1. Report, for B:GLU234, each distance to the same residue's label point in the other copies, shortest first and in nm; define the point 7 Å along Cα→Cβ.
2. Once ligands and nucleic acids are excluded and a 1.4 Å probe is used, how much of B:GLU202 is accessible, expressed in Å² to the nearest 10?
3. Run the numbers on chain A and let me know its relative contact order in percent, using alpha-carbon pairs under 8 Å that are six or more apart.
4. So, in Å, what gap is there between the alpha-carbon centers of region B:36-79 and region A:1-50?
5. Kindly provide the helix-only [θ] at 222 nm of the protein assembly as shown, computed as the sum of -39,500 (n - 2.57) over DSSP H runs of four or more divided by all residues, to the nearest 500 deg cm²/dmol?
6. At B:PHE205, label 7 Å along Cα→Cβ: distances to the other copies, nm, ascending?
7. Would you work out if region A:40-100 is rounded, prolate or oblate? Take a ≥ b ≥ c from the square roots of the eigenvalues of the alpha-carbon gyration tensor; rounded if a/c is under 1.5, else prolate when a/b is larger than b/c, oblate otherwise.
8. Using DSSP, restrict attention to beta bridges with both residues in chain A and report what percent are antiparallel, rounded to the nearest 5.
2 protein chains.
Amino acid sequence: MKKLINRPEDVVLESLQGAAHAHSDLVRVNFDPHYMVRADAPISGKVALVSGGGSGHEPMHGGFVGMGMLDAACPGEVFTSPTPDQMLEATKAVDGGAGVVHIVKNYTGDILNFEMAADLAKEESIQVEAVVIDDDVAVKDSLYTAGRRGVGTTVLAEKICGAAAEQGRSLKDVADICRTVNSSGRTMGMALTSCIVPSAGEPTFQLGDDEMEIGIGIHGEPGRERSALAPSKEVVERLAEPIVSDLPFERGDEVLAFVNSMGGTPLIELYVIYNDLVRYLEGKGLKIARNLIGPYITSLEMAGCSITLLKLDDDLTSLWDAPVKTPGLRWGV
Amino acid sequence: MKKLINRPEDVVLESLQGAAHAHSDLVRVNFDPHYMVRADAPISGKVALVSGGGSGHEPMHGGFVGMGMLDAACPGEVFTSPTPDQMLEATKAVDGGAGVVHIVKNYTGDILNFEMAADLAKEESIQVEAVVIDDDVAVKDSLYTAGRRGVGTTVLAEKICGAAAEQGRSLKDVADICRTVNSSGRTMGMALTSCIVPSAGEPTFQLGDDEMEIGIGIHGEPGRERSALAPSKEVVERLAEPIVSDLPFERGDEVLAFVNSMGGTPLIELYVIYNDLVRYLEGKGLKIARNLIGPYITSLEMAGCSITLLKLDDDLTSLWDAPVKTPGLRWGV
C-alpha cells in the first residue's frame, strides 16, 4: 500500500486536523464526535444543511462546508457511515431555529443513522427534513444499498440547496429543491483501477491490466460489467447513454454537465472526456449550460471518472451561480 | 497503459478542445499554434503575463489563465517544450502596449524557446521581460536542466504577479516581483509511483512496491535518493528540512505553505501531509500565514506530493489575497 499517511487508523483524524489548521477562516472542526461546521454557525433564522458519510470521497463533504453550501459535515471512517451521535451533535451545532435539512446518500448505514439522528433532534425540538440522494443509474440495488446509490448529484444538491438556504428560503422549500435536484440528476461512473482502503491495505477489487469496470460505485462496489479498455469516446457513450435514457433527458433540455475524477485520474484526461461528452450531448440535442470538471466526489486514489447530468431550470441555474465560499468550491466571493 | 483518452497523439489537442468548450466565459483557445488567452485579451495599458511549458502538469498553466493571473499560456506536447512560434503568437495576442512578462520554468528547452520568442517579439516592438523560476532544492542540475528545476513556486509567481499586473504596476515592477517570489520560494517533491507519458505507453521510471523517490522532478527526473516507504511525518521532514535550510527560512518568518499533489495522490492524504507540515514548521518557529492544498502542478497521474514554502511580506500577502478568476484558481470574484 503506497500512501502518504502515518498509521492507517489515524488517517481520518489527522486529515481533519490538517483541514482544521488549513481552513480556520471558513470552518471549525469538532473532535469526538467528529464534525465540521462553518465558522459562523449557527446562523439565526437560516435553514441549516447537514450532510456526511464515510470519508475517502474528499473534498465531499467536509470541503463543501461554508457560506452558500453546507453548514455541517459528518465524516465517518473511510467508506464507513458516521454515527448518529456525530449527526445529532452537528445538527444541534448548526440549527439556527429555522430547521435543518439532512442530505443523505442512499447507503443503508447512512440512512439508518441519519434517521436515528433526526429522531433524536426532533426530541430536542429541532425540525429536520431528510432528503435521500439516489442518482446512480448503473445498478438497481448494490452492496450496502436498497435501491440506487447516491453519488455525483450529491455535490450539486449541496451547492444548490446551500444557495437556497442562504437566500432565506423555508425548510420545506429547501428540502423540496433538494428533491427536485435529486429527481433531475443522473450519474454513472467507471474505474480503471481499484482504490485501497487504508485499514484493509489491499485493493478493494481486482481489475486486469486491460480491463475497466463500467458502473462502479464510489466504494468500489461492482457495476454493470467489466470489459476491455476502450477509448474515451466509447467510455463517454457507455456512461452517458444510460444517463440520458433514464431520466430521460430530451432534445432541447439545458443541463449541468459534471465530469468527476474518482481521485487518481488527472485533469488532462477529464478534459478529453469532457470534449467527447460535449459532442455526444450535441448529438442528442442537449445544451450544456453549466459545467463542473475536477475531483469532487472521489474514491481515494481510484483511477476513473463519473459523469453526472442535471436538468436545469431558471431557479436551479440561478442557485448554482450564487456565491459559494468553501475549501473545495468557491466563486463569486 | 490505463488512461481515459482516445489516441495518445491527440491527448493535448482534445484536452484543449475540452477546456475551450468548458471555459469559454474565461478563456479563448487558439489552435495551430496552440495557446490560450484570457477572454478579454489584450487589455490596453496592462502588463501581460505569458507562461507555458510541456503539458501534463494541469491545471498549470492553462488553468491559470484569467483575471488576476496569466494572460496567456502555451501548452507543449506532454512534457515537451512549446515552440517559439506558440510563445510569439501568444505574446502578440495579449500585449496591451505595456509590455509582457514571460514566466519561464528552468528547463533547457523552455529557456531557449522563450528566449527566441522574446527576441522575435522585440523585433515587433513588444517589450518583454523574462523571469526564470528555479526553486527546486532537490538537485543542483538535472535531466533537461542547467541549475535548479522550476516547480511549485511557478504557481505562486503566476498568482502574485498576475495580481500586480492587474493593479497597473509597470513591466519592471511586475518582473521584479516575479524575481522576488522566485528568490523567496523553495520546493521539494517526492513520488510513490511513476507516471506514464501517453506517447511512451510505459512508466517513465520503475519504483519497487516498498520504495519512494525523494526529490523527484515533475517529469519523473531522478531526485536525491530512493528509499523505503516512510510515514507522512518522516516524508514531511525529508522534504521540508532541505527547503527550510536552503533559503534559509528563519524563526519568525511568515510563509505561504503549498502542499501539492503530483496528480494521483488524493486530498485526504494531502491534509495528513499538511497536518504534519504544520507541526514541523511550528517546531522551526515559522508561521503559516497562507496555504494552498491540492493538485496544482501535477505530473499526469503520478502519486506523490511536493511542498513549497514562500516567504511572505505584506506586499506579497496582499497580492496573494487579491481576486483571481481562472478555471483552476478562483476567489474574491
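The values are calculated or read from the model by the stated rules, or taken from the named source; none is laboratory data. Note that the structure is a prediction, hence the values are computed from the model and not measured. Cβ coordinates were reconstructed from backbone atoms using ideal geometry, including for glycine residues, and neighbour counts include every protein chain displayed. Protein only, heavy atoms only, side chains kept; ligands, DNA and RNA dropped before computing areas. Shrake-Rupley method; radii C 1.70, N 1.55, O 1.52, S 1.80 Å.
1. 4.4
2. 130 Å²
3. Working: 797 pairs, mean separation 60.3, N = 333.
Averaging sequence separation for qualifying contacts and normalising by length gives 18 percent for chain A.
4. Each part reduced to its Cα centre gives a spacing of 34 Å.
5. On the way: 16 runs with 215 residues, N = 666.
Result for the protein assembly as shown, helices only: -10500 deg cm²/dmol.
6. 3.4
7. Here region A:40-100 falls in the oblate category.
8. Among the beta bridges of chain A, antiparallel pairing accounts for roughly 55 percent.
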